[in-house]
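The values are calculated or read from the model by the stated rules, or taken from the named source; none is laboratory data. Note that the structure is a prediction, hence the values are computed from the model and not measured. Don't worry about glycine lacking a Cβ; one is built from the backbone with ideal geometry, like all the others, and counts go over all protein chains shown.
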Amino acid sequence: MNKRNATSADVAILAGVSQSTVSRSFDPNSRISESTRQRVFAAAEQLGYQVNKAAQTMIKQRSDLVGLVTAGLEDPFRSEFLHKLIIEVQNCGLRPMVMDVSNRQTIDEDLQGLIQYQLSGVIITSGTPSENIGKAFIKHGTPVVLVNRAEHSDEADIVNLDNENAGAMAAEAFLKSGKTNLVVVRAKSPSFSSVMRAKGFLNYIHPYLDKGIVQASEVFCEAGNYESGYQIATQILALKNRPDGLFFCMDHIACGFLDAAKKQLSTSDLLSIGVIGCDDVALASYKSYDLTTLRQPSTTMAKAVMQTLLNRLKLPALPPSKQAIAAKLIYRSTLTKPSSN
């Protein structure tokens, strides 16, 4: 038999199963015994059978593609999380398709191209992609999962880090360490994650402000990147009443600050300032920074996102869900863990 012309019917005959069983064997979400699935796979390999993806898409009205929408990869955590998402999509027997919508001039054209693929679902990651992107896919009946994008949605499922509680944890850590002059730093351009982290930080501090126990303020750097953290250091360190506790809503802003501070302060002065970041990107653990931070568990987040999408595909009529993933405080040298004594 010409292997290039092998069909699902040929595979069914060789494997001793029905043609529908062959089709279900190549669907990772179908309930079928592993022994039968492997028998079908062996027959398919022997015949050189290839699944007709176009035909499957026509039958199911959706492809095995999952759109991963992001607005640039400059943010180290976003890049790390996207990598984990790609792995989880593949582990679920689906294929990832990444789309960068940071170029606003071509966004409409890019969206139309992606919609034509009849995606199984779309995952919109953190950052600042337009809200209209999710609405465009929902309008076409494509399930959408928002990640660190919103507190509430009437149409899309949501998976967030518990950003507000992460900010509160940073504030609590400073208070336990005896810090009394606190500053939270985030980018001028508001992202959902940073806004909620700053909100959680300031809300936790508020009762102590009323009692005059601590001082707290919010400072905005130019952007959410290393360079902006480096630049804002001069402004912060020049304050007459220099803060002794700094919470940066993103790790790489904190790393930029630390590099600048090392050049402007003595070692003893630098050590007197507690610094906490958020995300726990790889850079935070480097010995040159050794940054205390709130860990955003990228693998846990990716698994939760994919499980949410699979649940939506199985039960499309369910109301939109919301899940908050807990952050974990990782103590390093920029703020050491207080003694339990």
Q) Can you name every residue in segment 184-203 that is surrounded by 21 or more Cβ atoms within 10 Å (Cβ to Cβ) and of a type outside the set (Gly, Ala, Ser)? A) 184, 185, 186, 196, 197, 201
Q. Across segment 265-288, which residue is surrounded by the fewest Cβ atoms within 10 Å (Cβ to Cβ) among those that are within 16 Å of residue 327 (Cβ to Cβ) and among the charged types (D, E, K, R)?
A. 280
(Q) Condition first: more than 24 Å from the chain's Cα centre (by Cα) and touching a residue at least 40 places away in the same chain (Cβ under 8 Å). Now tell me which residues in segment 309-335 satisfy that. (A) 333, 334, 335
Q) Is it the case that segment 33-54 has a residue that's under 24 Å from the mean Cα position of the chain (by Cα) and at pLDDT below 80? A) no
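Quick check: anything in segment 255-271 in contact (Cβ under 8 Å) with a residue 24 or more places away in the chain and within 17 Å of residue 171 (Cα to Cα)? Break it down into steps so the answer makes sense when it comes.
The first filter runs over segment 255-271 and keeps only residues in contact (Cβ under 8 Å) with a residue 24 or more places away in the chain, leaving 255-261, 264-265.
Restricting the remaining residues to those that are within 17 Å of residue 171 (Cα to Cα) gives none.
No, that holds for no residue.
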(Q) Of the residues 217, 268, 272, only one is closer than 22 Å to residue 166 by Cα and in the same structural domain as residue 188 (by TED's automatic domain parsing); which? (A) 217
Q) Can you pull out the residues in segment 172-198 that are over 20 Å from residue 232 (Cβ atoms) and either modelled with pLDDT under 95 or in a helix (DSSP H, G or I) (or both)? A) 172, 173, 175, 176, 192, 196
Q.
Among (1) over 20 Å from the mean Cα position of the chain (by Cα); (2) within 16 Å of residue 124 (Cα to Cα); (3) among the polar types (S, T, N, Q), there is one condition residue 148 misses while meeting the rest; what is its number?
A. (1)
Q | Test for residue 211: is it out of contact with any strand residue (DSSP E or B) (no Cβ under 9 Å at 6 or more places or on another chain), surrounded by fewer than 16 Cβ atoms within 10 Å (Cβ to Cβ) and among the basic types (Lys, Arg) | A | yes
Q. Any idea which residue in segment 172-183 is surrounded by the most Cβ atoms within 10 Å (Cβ to Cβ), counting only those that are hydrophobic (A, V, I, L, M, F, W, C) and farther than 20 Å from residue 280 by Cβ?
A. 182
